[in-house]
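Colleague: Below are the structure tokens for one structure; questions will follow.
The values are calculated or read from the model by the stated rules, or taken from the named source; none is laboratory data. Source: prediction; values computed, not measured. Reconstructed Cβ throughout: ideal geometry from the backbone, glycine too, with neighbour counts over all protein chains shown.
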Amino acid sequence: MSELTEVILFTDGACKGNPGPGGWAFLLRHRKSGREMERFGGEAETTNNRMEMTAVIEGLKALTKPADVEIVSDSKYVLQGIGEWMPKWKSNGWRRKEGSKWATVKNVELWQELDRLASLHRLRFRYIPGHSGHPENERCDTLASEFASGLVRKKHERKPAAE
């Protein structure tokens, strides 16, 4: 069996309001060559958690073959979700206990996509505090925030009055 390519996936999500216009971004770095890929996008009405998850999903989707992936994120929600909570959710039919009742896991379609993508790769996780000066996290934060801010501006633009 061939050795897996090692990559580092830096991710971040941002939201202007929660819910509100949001952005996601990732920076994918090939560990040996140092080559990088950046991508970003967003949604007009979303939540910060969804954008954090989408950044990881889009980063993993950018890989063209199985890889050894170190995911570096400031989102404990995403890292704990993939690394700890997801197996239990799956075994409970993507449901979780809320008090005495069972409820569908929030953002279930994104968790299911993360589960599918995680099955293709060997994942490791590294948490870094947000806004702590980590260069790649700051870059992803800037891209995600700028995309979300652009959506805010578009949302508030007015069409010229009809003549």
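Colleague: Six or more apart or on different chains, Cβ atoms under 6 Å: show the pairs whose first residue is in region 107-133 and touching a residue at least 12 places away in the same chain (Cβ under 8 Å) and farther than 16 Å from residue 80 by Cβ and whose second is of a type in the set (A, V, I, L, M, F, W, C) and part of a strand (DSSP E or B).
Modeller: 121/67; 121/69
Colleague: Which of the residues belonging to region 3-30 are surrounded by 14 or more Cβ atoms within 10 Å (Cβ to Cβ) and either without any contact (Cβ under 8 Å) to a residue 24 or more places away in the chain or charged (D, E, K, R) (or both)?
Modeller: Once the filter is applied, which keeps residues that are surrounded by 14 or more Cβ atoms within 10 Å (Cβ to Cβ) and either without any contact (Cβ under 8 Å) to a residue 24 or more places away in the chain or charged (D, E, K, R) (or both), region 3-30 yields 6, 12, 16, 29.
Colleague: Return the only residue of 11, 46, 54 being modelled with pLDDT of 95 or more, polar (S, T, N, Q), closer than 13 Å to residue 137 by Cα and in contact with a strand residue (DSSP E or B) (Cβ under 6 Å, 6 or more places away or on another chain). Break it down into steps so the answer makes sense when it comes.
Modeller: Numbers: 46 fails: closer than 13 Å to residue 137 by Cα; 54 fails: closer than 13 Å to residue 137 by Cα.
After applying the criteria, what remains is 11.
Colleague: Filter region 97-114 for residues that are buried (at least 16 other Cβ atoms within 10 Å of the Cβ) and either of a type in the set (D, E, K, R) or out of contact with any Ser or Thr (no Cβ under 9 Å at 6 or more places or on another chain) (or both) and give the result.
Modeller: 105, 111, 113, 114
Condition check ((1) surrounded by 17 or more Cβ atoms within 10 Å (Cβ to Cβ); (2) of a type in the set (Phe, Trp, Tyr); (3) touching a Phe, Trp or Tyr at 6+ places or on another chain (Cβ under 6 Å); (4) under 15 Å from residue 117 (Cα atoms)) across all residues:
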residue: 36; (1), (2), (3), (4): no, no, no, no
residue: 42; (1), (2), (3), (4): yes, no, yes, no
residue: 46; (1), (2), (3), (4): yes, no, no, no
residue: 50; (1), (2), (3), (4): yes, no, no, no
residue: 65; (1), (2), (3), (4): no, no, no, yes
residue: 72; (1), (2), (3), (4): yes, no, yes, no
residue: 82; (1), (2), (3), (4): yes, no, no, yes
residue: 89; (1), (2), (3), (4): yes, yes, no, no
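Colleague: Can I ask one more? Which condition from (1) loosely packed, with under 15 Cβ neighbours inside 10 Å; (2) out of contact with any Gly (no Cβ under 9 Å at 6 or more places or on another chain); (3) not aromatic (Phe, Trp, Tyr) is the one that residue 150 breaks?
Modeller: Evaluating residue 150 over (1) loosely packed, with under 15 Cβ neighbours inside 10 Å; (2) out of contact with any Gly (no Cβ under 9 Å at 6 or more places or on another chain); (3) not aromatic (Phe, Trp, Tyr) leaves (2) as the failure.
Colleague: Only one of (1) under 15 Å from residue 14 (Cα atoms); (2) surrounded by 15 or more Cβ atoms within 10 Å (Cβ to Cβ); (3) out of contact with any strand residue (DSSP E or B) (no Cβ under 8 Å at 6 or more places or on another chain) is not met by residue 131, so which one is it?
Modeller: (2)
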